[in-house]
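Trainee: Okay, handing you the structure first.
The values are calculated or read from the model by the stated rules, or taken from the named source; none is laboratory data. Everything quoted here is computed from the prediction, not taken from an experiment. For neighbour counting, all protein chains shown are included, and Cβ atoms are generated from backbone atoms with ideal geometry for every residue, glycine included. We work out accessible area using only protein heavy atoms, side chains counted, and drop any ligands, DNA or RNA first. Shrake-Rupley method; radii C 1.70, N 1.55, O 1.52, S 1.80 Å.
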Amino acid sequence: MMSMQPVLEIFAPDGFELWPTGEHERWEYLVLDGRSTPAEVGTAVWRIADRNDIDPEEADGRGPRPEDPLGAFLHGLLTVPDLFAPGGLRVTDTATGTVFAPGCCTGLEDWRAWLDVTDGAGTAWFGHDPDARVEWVGRTVRLTQDAEDDDSPVIELSPDELRRLLAGAERDLRDFLALAARWAERQLPDHAPAVTAAIARALSLEPPA
């Protein structure tokens, strides 16, 4: 049986006190779905905000960083146009234990690239170290964890099964976004709509109604 999960590359915040977060090992993956706890949602929002905490420049039109600690920390999340959410979609063949995980420098904002493969567009790249690739081979979709390794773990599945898995992963992302919206209303009431919209952009989704 195959499973597909949206995952965010994560580690425990060091000395972060603006809102509650969870305890995590460095560089583990955090699954994002409707079962995420409030602490996990807080960690995910922290991770995406921290990863996009980029100082504004005079020419980029983002305006100066606010002086209050919360506004200063959220500034990148709320103003960077192309947000990066390190991670992607992790596929597991539960029968064999084989795992296809996103590589370095790929993010959840690009998860829709999987749809290009289901439509027969060819090959999609999902990071390096390892060189993770998804491609058509005959009438099968092949997921290769490291295309530069002849002995790399490989998962093969039908296009119909991949479409089913992607539909489930999209539901998980939408369920997580709904949790994040409610979390933001409780934890960041003055910034909730903007934070929710930013997380939606980072996950390549429309904000919830």
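Trainee: Answer with yes or no whether D33 is in contact with a Phe, Trp or Tyr (Cβ under 6 Å, 6 or more places away or on another chain), of a type in the set (D, E, K, R) and within 26 Å of P208 (Cβ to Cβ).
Mentor: When the stated conditions are applied, D33 passes them.
Trainee: While we're looking at this one, here's another question. Could you go through segment 86-94 and let me know if any residue there is over 27 Å from R139 (Cα atoms), open to solvent by 60 Å² or more (accessible area, probe 1.4 Å) and not in a helix (DSSP H, G or I).
Mentor: Restricting attention to segment 86-94, the residues satisfying the condition of being over 27 Å from R139 (Cα atoms) are 86-87.
The next check asks that each one be open to solvent by 60 Å² or more (accessible area, probe 1.4 Å); those that pass are none.
Scanning segment 86-94 turns up no residue that is over 27 Å from R139 (Cα atoms), open to solvent by 60 Å² or more (accessible area, probe 1.4 Å) and not in a helix (DSSP H, G or I).
Trainee: Follow-up. From the list A194, A169, which residue is within 19 Å of the chain's Cα centre (by Cα), open to solvent by 10 Å² or more (accessible area, probe 1.4 Å), closer than 28 Å to D82 by Cβ and touching a residue at least 60 places away in the same chain (Cβ under 8 Å)?
Mentor: Values: A169 fails: open to solvent by 10 Å² or more (accessible area, probe 1.4 Å).
Step by step, each of A194, A169 is checked, and only A194 is within 19 Å of the chain's Cα centre (by Cα), open to solvent by 10 Å² or more (accessible area, probe 1.4 Å), closer than 28 Å to D82 by Cβ and touching a residue at least 60 places away in the same chain (Cβ under 8 Å).
Trainee: Something else about it: Give the residue that is most open to solvent (accessible area, probe 1.4 Å), with candidates limited to residues of segment 32-70 that are in a loop (DSSP other than H, G, I, E, B) and among the hydroxyl-bearing types (S, T, Y).
Mentor: Among those that are in a loop (DSSP other than H, G, I, E, B) and among the hydroxyl-bearing types (S, T, Y), it is T37.
Trainee: Have a look at E57, E17, E23 and point out the one that is within 19 Å of F84 (Cβ to Cβ) and charged (D, E, K, R).
Mentor: From the options E57, E17, E23, the qualifying one is E57.
Trainee: Here is a follow-up. Mind checking whether some residue in segment 144-162 is over 30 Å from A49 (Cβ atoms), of a type in the set (S, T, N, Q), surrounded by fewer than 18 Cβ atoms within 10 Å (Cβ to Cβ) and in contact with a Lys or Arg (Cβ under 7 Å, 6 or more places away or on another chain)?
Mentor: Looking only at segment 144-162, we keep the residues that are over 30 Å from A49 (Cβ atoms), and these are 144, 146-162.
From the residues that got through so far, the ones that are of a type in the set (S, T, N, Q) too are 144, 152, 158.
Next, only the ones that are surrounded by fewer than 18 Cβ atoms within 10 Å (Cβ to Cβ) stay: 152, 158.
Checking the rest, the ones that are also in contact with a Lys or Arg (Cβ under 7 Å, 6 or more places away or on another chain) come to none.
For segment 144-162, residues over 30 Å from A49 (Cβ atoms), of a type in the set (S, T, N, Q), surrounded by fewer than 18 Cβ atoms within 10 Å (Cβ to Cβ) and in contact with a Lys or Arg (Cβ under 7 Å, 6 or more places away or on another chain): absent.
Trainee: Taking the condition of being assigned to a loop (DSSP other than H, G, I, E, B), open to solvent by 60 Å² or more (accessible area, probe 1.4 Å) and among the hydroxyl-bearing types (S, T, Y), how many residues in segment 14-31 meet it?
Mentor: 0
Trainee: I've got another one for you. Scan segment 22-38 for residues that are more than 16 Å from the chain's Cα centre (by Cα) and at pLDDT 95 or above and report the count.
Mentor: The total comes to 2.
Trainee: Quick one: count up the residues across segment 121-158 that are part of a strand (DSSP E or B) and within 14 Å of G88 (Cβ to Cβ).
Mentor: 6
Trainee: Let me ask another. Which is assigned to a loop (DSSP other than H, G, I, E, B) and modelled with pLDDT of 95 or more, of P189, P207?
Mentor: After ruling out the rest, the residue left standing is P189.
Trainee: Could you please give the count of residues in segment 172-191 that are among the acidic types (D, E) and without any contact (Cβ under 8 Å) to a residue 24 or more places away in the chain? Give the derivation first.
Mentor: Step one: filter segment 172-191 for residues among the acidic types (D, E), giving 172, 175, 185, 190.
Now restrict to residues that are without any contact (Cβ under 8 Å) to a residue 24 or more places away in the chain: 185, 190.
Residues that pass the stated criteria total 2.
Trainee: Any idea how many residues of segment 115-134 are under 21 Å from the mean Cα position of the chain (by Cα) and either open to solvent by 40 Å² or more (accessible area, probe 1.4 Å) or not small (G, A, S) (or both)? Break it down stepwise before answering.
Mentor: To start, the set of residues in segment 115-134 that are under 21 Å from the mean Cα position of the chain (by Cα) comprises 115-118, 123-134.
From the residues that got through so far, the ones that are either open to solvent by 40 Å² or more (accessible area, probe 1.4 Å) or not small (G, A, S) (or both) too are 115-118, 123, 125-126, 128-131, 133-134.
Residues flagged as under 21 Å from the mean Cα position of the chain (by Cα) and either open to solvent by 40 Å² or more (accessible area, probe 1.4 Å) or not small (G, A, S) (or both) within segment 115-134 amount to 13.
Trainee: While we're looking at this one, here's another question. With the requirement that a residue be free of Cβ contacts under 8 Å to residues at least 12 places away in the same chain and in a helix (DSSP H, G or I), what does segment 72-85 give you?
Mentor: Within segment 72-85, A72 is the sole residue that qualifies.
Trainee: Of T37, T43, T21, which residue is among the hydroxyl-bearing types (S, T, Y) and in contact with a strand residue (DSSP E or B) (Cβ under 7 Å, 6 or more places away or on another chain)?
Mentor: Only one candidate passes the filter, namely T43.
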